[in-house]
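Shown next, in structure tokens, is the structure this report addresses.
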Amino acid sequence: MNAVITQQLKNRIQSIDILRGFVMLIMAIDHVRDFFHITAFTDSPTNLATTTPQLFFTRWITHFCAPTFVFLSGTSAFLAGQKKSKKELSAFLIKRGIWLVLVENIILTLAFTFNPFYNLLIWQVIWAIGWSMIILGLLIHTSVKIIVVLGFIIVFGHDIIDYMLIPQHGTEHVLISILFTALGTQLKYGNQRFIFDLYAILPWTGVMLLGYGFGNLYKQNYDVMKRKKIILRTGISVTLYFTGMRLVNQYGDPAHWSTQKNSLYTFLSFLNVSKYPPSLCYTTMTIGPALILLSLIETIQNKFVNTLSMYGRVPFFYYILHFFLIHFICVILFFITGHTSKNIVDFNTPFLFRPQYFGFDLPVVYAIWLFVVLVLYKPCKWFDQYRKSHRQWWLSYI
């Protein structure tokens, strides 16, 4: 058994697990903010007319999570392909993609809403990752070069849709929204039943395709120092590209920055790029620094990064548990703060037990976030150990 565990540890890339664990923990800040910050459903944390720097950066720092995770999902797919044939990898990605789409609609929608009648389905990052995996699974039968070229075309080219006239009604509108432009798009799928689509599929697919090509740097026997230099230079180049493109202030993001009431808020405007759908500015702003960090942690070893690595080895398990835990805490605080059963449903919010005018200031939000992370440490550590010592087929889907 010890030999199996040792071999699995050797087969994993520690720096990828560390970075993935880091973004998973940071990600929870935004989800806790959604449930517990006092203005989460009455104002935007990036509204420069009303936000504070503290609130803005609470939201902004979590921008790094989804693109980094999707990018690394592509890299993990490439690494999985080193032990599988193209046919096997394609089948695995397609099946896992279908599984993720089902999880988003059935398990995570319930975690978000606590509504057992599923009057509202919420399509978020797991939905986008699922479809991206299905698309990547189909493209596996081509070549890495073709996959990377398609990734570049999508990531660098999809913002052209900002300059096009888009149908506002009908089937074309629905398809374009799902594939390209989803920005909290509401789609009706029955009597009093709706879909809330936040993640457009193809822009995220482009990020995953580039992550798949990036996996070439982690082939067995690839020189570590050479890889570190390539990743560092790439990260710096992508970050500089974002800076230059954002300064030009034309193509790459529908939300142009502008001079604000002071230099700090002008800087916030510069950073205030579009996530829904992920613009070219958003993607390069986040992926560039993520690659720099990835290069810097290539060979680092200490107790803290080992803890991050543990979270990074069980991201899906952590992701599902943290939403249920956050919502259960919300239910407890809902009743503690004097709300009753008549307040459970508020049609101004998609979540039960979360009225529109409910919540706390940022210090309480951060305290709840820290509590969530610490509570999930033991379950995640247990599952990490379980995966290392067991070989059941279903473990590759969690």
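The values are calculated or read from the model by the stated rules, or taken from the named source; none is laboratory data. Because the structure is predicted, anything quoted here is derived from the model rather than measured. Because the Cβ atoms are built from the backbone with ideal geometry, glycine has one as well, and the counts that use them run over all protein chains shown.
Annotations
- Total residues in the range 111-170 satisfying the condition of being part of a loop (DSSP other than H, G, I, E, B) and at positive phi: the figure is 2.
- If you check PHE35, PHE57 for being surrounded by fewer than 20 Cβ atoms within 10 Å (Cβ to Cβ) and not charged (D, E, K, R), only one passes: PHE57.
- Within the range 172-207, tally of residues that are touching a helix residue (DSSP H, G or I) at 6+ places or on another chain (Cβ under 9 Å), of a type in the set (S, T, N, Q), farther than 18 Å from PHE152 by Cβ and outside any strand (DSSP E or B): 1
- Within the range 142-185, being of a type in the set (Gly, Ala, Ser) and either surrounded by fewer than 17 Cβ atoms within 10 Å (Cβ to Cβ) or modelled with pLDDT of 95 or more (or both) holds for SER143, GLY151, GLY157, GLY170, GLY184.
- Among the candidates PHE56, PHE71, residue that is under 20 Å from HIS256 (Cβ atoms) and either at pLDDT below 95 or aromatic (Phe, Trp, Tyr) (or both): PHE56
- Matching option when the condition is closer than 30 Å to ALA77 by Cβ, among the small types (Gly, Ala, Ser) and more than 25 Å from the chain's Cα centre (by Cα), among SER389, SER341: SER389
- Meets criteria (at pLDDT 95 or above and either over 21 Å from ILE368 (Cα atoms) or buried (at least 21 other Cβ atoms within 10 Å of the Cβ) (or both)) for PHE41: no
- Residue within the range 264-277 that is of a type in the set (Lys, Arg), closer than 29 Å to SER15 by Cβ and in a helix (DSSP H, G or I) present: no
- Members of the range 234-263 that are in a helix (DSSP H, G or I) and either more than 24 Å from the chain's Cα centre (by Cα) or modelled with pLDDT under 95 (or both): GLY244, LEU247, VAL248, SER263
- Within the range 219-242, if we keep just the residues that are of a type in the set (Ser, Thr, Tyr) and farther than 14 Å from SER279 by Cα, the residue that is surrounded by the fewest Cβ atoms within 10 Å (Cβ to Cβ) turns out to be TYR222.
- Test: residue in the range 50-62 that is in contact with a Gly (Cβ under 6 Å, 6 or more places away or on another chain), at negative phi and outside any loop (DSSP other than H, G, I, E, B): no
- Residues of the range 332-382 satisfying the condition of being touching a Phe, Trp or Tyr at 6+ places or on another chain (Cβ under 8 Å) and of a type in the set (A, V, I, L, M): LEU333, ILE344, LEU352, VAL364, VAL365, ILE368, LEU376
- The range 12-36, subset basic (Lys, Arg) and touching a Pro at 6+ places or on another chain (Cβ under 8 Å), residue farthest from ILE61 (Cα to Cα): ARG20
- Apart from one condition, SER76 fits all of (1) closer than 24 Å to PRO277 by Cβ; (2) touching a helix residue (DSSP H, G or I) at 6+ places or on another chain (Cβ under 8 Å); (3) without any contact (Cβ under 8 Å) to a residue 12 or more places away in the chain; the exception is (3).
- Scanning the range 4-36 for residues that are modelled with pLDDT of 95 or more and either β-branched (Val, Ile, Thr) or in contact with a strand residue (DSSP E or B) (Cβ under 7 Å, 6 or more places away or on another chain) (or both) yields a total of 7.
- Identity of the residue in the range 79-121, among the aromatic types (Phe, Trp, Tyr) and either within 26 Å of LEU187 (Cβ to Cβ) or at pLDDT below 95 (or both), that ends up nearest to the chain's Cα centre (by Cα): PHE112
- Residue match in the range 132-141 (condition: modelled with pLDDT under 95, within 29 Å of ALA111 (Cα to Cα) and surrounded by 22 or more Cβ atoms within 10 Å (Cβ to Cβ)): no
- Filter result for SER269 (exposed (fewer than 13 other Cβ atoms within 10 Å of the Cβ) and either of a type in the set (Asp, Glu) or over 23 Å from PHE152 (Cβ atoms) (or both)): no
- When PHE304, PHE328 are screened for being loosely packed, with under 15 Cβ neighbours inside 10 Å, of a type outside the set (Asp, Glu) and under 20 Å from ARG33 (Cα atoms), only PHE328 passes.
- Hey, ILE201 within 14 Å of ILE135 (Cβ to Cβ) and either in contact with a Pro (Cβ under 9 Å, 6 or more places away or on another chain) or touching a residue at least 24 places away in the same chain (Cβ under 8 Å) (or both) or not: yes
- Residue ID - farthest from ILE26 (Cα to Cα), chosen from residues in the range 331-389 that are surrounded by 15 or more Cβ atoms within 10 Å (Cβ to Cβ) and acidic (Asp, Glu): ASP346
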